[in-house]
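Take a look at the structure set out below.
The values are calculated or read from the model by the stated rules, or taken from the named source; none is laboratory data. Nothing here was measured: the structure is a model prediction, and the numbers come from that model. Neighbour counts run over all protein chains shown; Cβ positions are idealised from the backbone, glycine included.
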Amino acid sequence: MKMKISTKDLDFYYGDVQALRNISLDIKEGQITALIGPSGCGKSTFLRVLNRMNDTVPKTRCRGQVLLDGKDINYNGTDCVELRKRVGMVFQQPNPFPKSIFENVAYGPKILGMRNKEQLREIVQKSLRAVALWDEVKDNLDKSGLALSGGQQQRLCIARVLAVEPEVLLMDEPCSALDPIATLKIEDLMQELKEEYTIVIVTHNMQQAARVSQWTCFFLMGELVEYGPTSRIFTNPEDQRTKDYISGRFG
Amino acid sequence: MMGICGVSLPLFIVIYVIAQGLPAINWDFFTSEPAGGLSGDGGISSVIITTLWLVGATLVVTVPLGIGAAIYLAEYARDTWRTEIVRRGVELLAGIPSIVFGLFGLAIFVQVFDLGLSIISGSLTLACLLLPFMIRSTEEAMRSVPRSHREASLALGATRWQMVRSVVLPSALPGIITGIILCAGGAVAESACLYVVMGGSAEMPGTPLDGGRSLAVHIFYLINETNALDKAMATGAVLMVFVLVLNIATRFLSWQYRARVGGKK
């Protein structure tokens, strides 16, 4: 199976605080990889290393390699704009822009220079269909994205990412602000999307990790404790700490 | 008791000035120029035109400079001792009495740049006076744009400038518009520094290179050089209406904007 992203000996610091220790991890193409662990364990930080989102946080340092299709992206000269087109991100809180639904989805293609109205309409429709939002909003594309419900907003945000046709989809607790029905819709959506995209999801919810992912990584205090097929991690963990965590002993 | 006083005092001032000024307000008051000199006769037509010129020219200078500086401070400048000095400088400028700006304007714009005692000199002086204010209100409006919107934009492959232009500025627009209109209000209300750099001519200005007096300055002249207290009150009433209109415009614009983009929230 092809590796989409590999990290090698990754260390990450917020100021003097080390948030990631020596993380080496392979993320497989066309699969869903879940990152689990208690709050503050570094899983979100790790996710944000993959598209260099931490660059926007002052006083952070990151050492080690992050290989995307074999090419290191973790050095100063990386074209982050180019990288983020390939590695899209969905955030914890649905964060549509205060613009219309259409403008939200067309945002990415537009900043990449697409001006053709017809093409933009097509992309918007295709992206909204991909997240199963099209039928709900097709008559209201001019309505503000903020007028949608939380679950719809999150699907809108996913559509917005899909519109730039990334290769990898990073999802940072995408359902934590959603109700169970909206969560289910997003999870179904992920199963469809994994055909075309490599997905990495951070989740607090272990049932969710078990339901949606093929691979699971357990992080604890900045270290990668265990990594393996989801079915094995949840039935037969090797490390005692993993066992304690998934059985709900802490976290 | 103190509360009632605090609320009613401003209201009393407004009502008093309008009541005192109202008898002097008629059609002629708006259409004729002040007689000038020691006579309190005439109206305020040239004064209104001068005020409009002054506010317009001030905004033309202040708004682009202020927004540009705010973009730099809020989005590009790193937090180093140098930006700290700039920030402190901006705050210091905001605390300097306007008459000092008048002296500066007299020395620089009137004399060095040879713009004479003119509306343009007044506008540039006002720009210096109001720029810190414009920078600060714009910067604050930009900083209040949620981090999540910035990150969403960057995560979609936007450059920093694309993010600023397409996400931050539109979201900050209500705050920026408020800043602009308050600047206009500041320009309308200012008198001391304009007294120094605009010459105070009572005649209708032909171009911004002519001198003139704004409403606030006109009140000063009326009180100082004539006995026309009623005209001064009337001018004051007009001035308050100017400010009131600006305030209502601010509210209306930001309310409309919020309704347009805000959806249900």
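Of all residues in the range A:159-185, those that are farther than 24 Å from A:I27 by Cα have Cβ atoms under 8 Å from Cβ atoms of residues that are hydrophobic (A, V, I, L, M, F, W, C) and not in a loop (DSSP other than H, G, I, E, B), 6 or more apart or on another chain, in A:L178/A:I186. Scanning the range A:68-79 for residues that are surrounded by fewer than 17 Cβ atoms within 10 Å (Cβ to Cβ) and not polar (S, T, N, Q) turns up A:D69, A:G70, A:K71, A:D72, A:Y75, A:G77, A:D79. Within the range B:21-48, take every residue that is surrounded by fewer than 16 Cβ atoms within 10 Å (Cβ to Cβ) and assigned to a helix (DSSP H, G or I) and give me the one that is nearest to the chain's Cα centre (by Cα). Only one residue fits best here, namely B:F30.
Only residues that are crowded, with 23+ Cβ neighbours inside 10 Å and under 26 Å from A:D244 (Cα atoms) were counted in the range A:167-198, giving 3. Out of all the residues in the range B:181-195, which are in contact with a Ser or Thr (Cβ under 8 Å, 6 or more places away or on another chain) and either in a helix (DSSP H, G or I) or more than 22 Å from B:V241 (Cα to Cα) (or both)? Selection gives B:I181, B:L182, B:C183, B:A184, B:A187, B:V188, B:A192, B:C193, B:L194. Of all the listed residues (A:L67, A:L25), the sole one being touching a Phe, Trp or Tyr at 6+ places or on another chain (Cβ under 7 Å) and either within 16 Å of A:V168 (Cα to Cα) or modelled with pLDDT of 95 or more (or both) is A:L25. When the range A:56-93 is filtered for residues that are out of contact with any strand residue (DSSP E or B) (no Cβ under 9 Å at 6 or more places or on another chain) and within 14 Å of chain B (Cβ to nearest Cβ), the ones remaining, listed by number, are A:T56, A:P58, A:D79, A:C80, A:V81, A:E82, A:R84, A:K85, A:Q93. Taking the range A:137-175, which residues are farther than 14 Å from A:I186 by Cβ and more than 14 Å from chain B (Cβ to nearest Cβ)? If the condition is that a residue be farther than 14 Å from A:I186 by Cβ and more than 14 Å from chain B (Cβ to nearest Cβ), then A:K138, A:D139 are the ones that fit.
So for the range B:100-113 (the condition being of a type in the set (F, W, Y), more than 17 Å from B:D210 (Cβ to Cβ) and buried (at least 23 other Cβ atoms within 10 Å of the Cβ)), does at least one residue qualify? Checking the range B:100-113: at least one residue is of a type in the set (F, W, Y), more than 17 Å from B:D210 (Cβ to Cβ) and buried (at least 23 other Cβ atoms within 10 Å of the Cβ).
When we screen B:T178, B:T207, B:T159 for residues that are out of contact with any strand residue (DSSP E or B) (no Cβ under 6 Å at 6 or more places or on another chain) and within 11 Å of another protein chain (Cβ to nearest Cβ), the only hit is B:T159. Among the residues of the range B:58-67, just one is surrounded by fewer than 20 Cβ atoms within 10 Å (Cβ to Cβ) and within 19 Å of B:P205 (Cα to Cα), namely B:V60.
For the range B:94-124, a residue qualifies if it is part of a helix (DSSP H, G or I), more than 23 Å from B:I176 (Cβ to Cβ) and in contact with a Phe, Trp or Tyr (Cβ under 9 Å, 6 or more places away or on another chain), and the qualifying residues are B:I99, B:G102, B:I119, B:I120, B:S121, B:G122.
Among the candidates A:S44, A:S6, single out the residue that is buried (at least 16 other Cβ atoms within 10 Å of the Cβ), closer than 15 Å to A:E167 by Cβ and hydroxyl-bearing (S, T, Y). None of the other options fit; the residue is A:S6.
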